[in-house]
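Q: Questions regarding the structure given below will be posed in turn.
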Amino acid sequence: MRRAPRFATRLHSARWHGSHADDTGPGGESELKAIEQFAAEQNTLPARDPSRRGSGAQQDARTLYKQLLRESLRKSDPQARQNLQEYIKAEFRRNAEMPKNQYNRIDWSLRRGKAHLEMLQNSNPADGFSVYASRA
């Protein structure tokens, strides 16, 4: 089997990172459809099994992301809700490029995210949201 062209890996990357670009810009929906069609015609990519949607860690991360965003909707203050959602999205974007072979780091990040989810679930919806970063 031939190697997948460079644009095919970009297609995978756009799907994994949840790219929702508009149709006009690069990486837009029309470009993604064109890339998919070209790849199918060239038979360069193996057929994807619809029952398999990423590794277990990817599924856990996706589930955690959705749970955190759902939990952020419980905040009664609109500004706190928006800040929390932006923080969640930024953290997941920041960790999106984490190498798959760093199992300990992935596991630690998932456990940390689940702890944050528990903290959000146990918090009062009327409480605000702030981040205190302790980076040395």
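We did not get these values from a lab; they are worked out from the coordinates using the rules stated. What you are looking at is a predicted structure, and each value in this text was computed from that prediction instead of being measured. Methodologically, a virtual Cβ is constructed for each residue, glycine included, from the backbone with ideal geometry; neighbour enumeration extends over all protein chains shown.
Q: Given a cut-off of 28 Å, name the pairs among Lys33/Lys75; Lys33/Lys89; Lys75/Lys100 whose C-alpha atoms lie farther apart than that in the structure shown.
A: Lys33/Lys75; Lys75/Lys100
Q: Could I ask something else about it? What does the charge count near Phe92 come to, summing +1 for each Lys or Arg and -1 for each Asp or Glu among other residues with Cβ under 13 Å from its Cβ?
A: Details: positive: Arg62, Lys66, Lys89, Arg93, Arg94, Arg112; negative: Asp60, Glu86, Glu91, Glu97.
Net charge in that neighbourhood comes out at +2.
Q: If R₀ is 41 angstrom, what is the calculated FRET efficiency for the pair Tyr87 and Glu36, using the beta carbon separation as r and rounding to 0.05?
A: That pair, Tyr87 with Glu36, gives E of 0.80.
Q: For the residue pair Arg62 and Lys114, what label-to-label distance in nm results when each label sits 7 Å from Cα along the Cα-to-beta-carbon direction?
A: Inter-label distance under the simple model: 1.9 nm.
Q: Continuing with this model, one more query. Give me the tail of P(r) for the stretch 66-116 as a percent: Cα-Cα pairs with distance above 12 Å.
A: 68 percent
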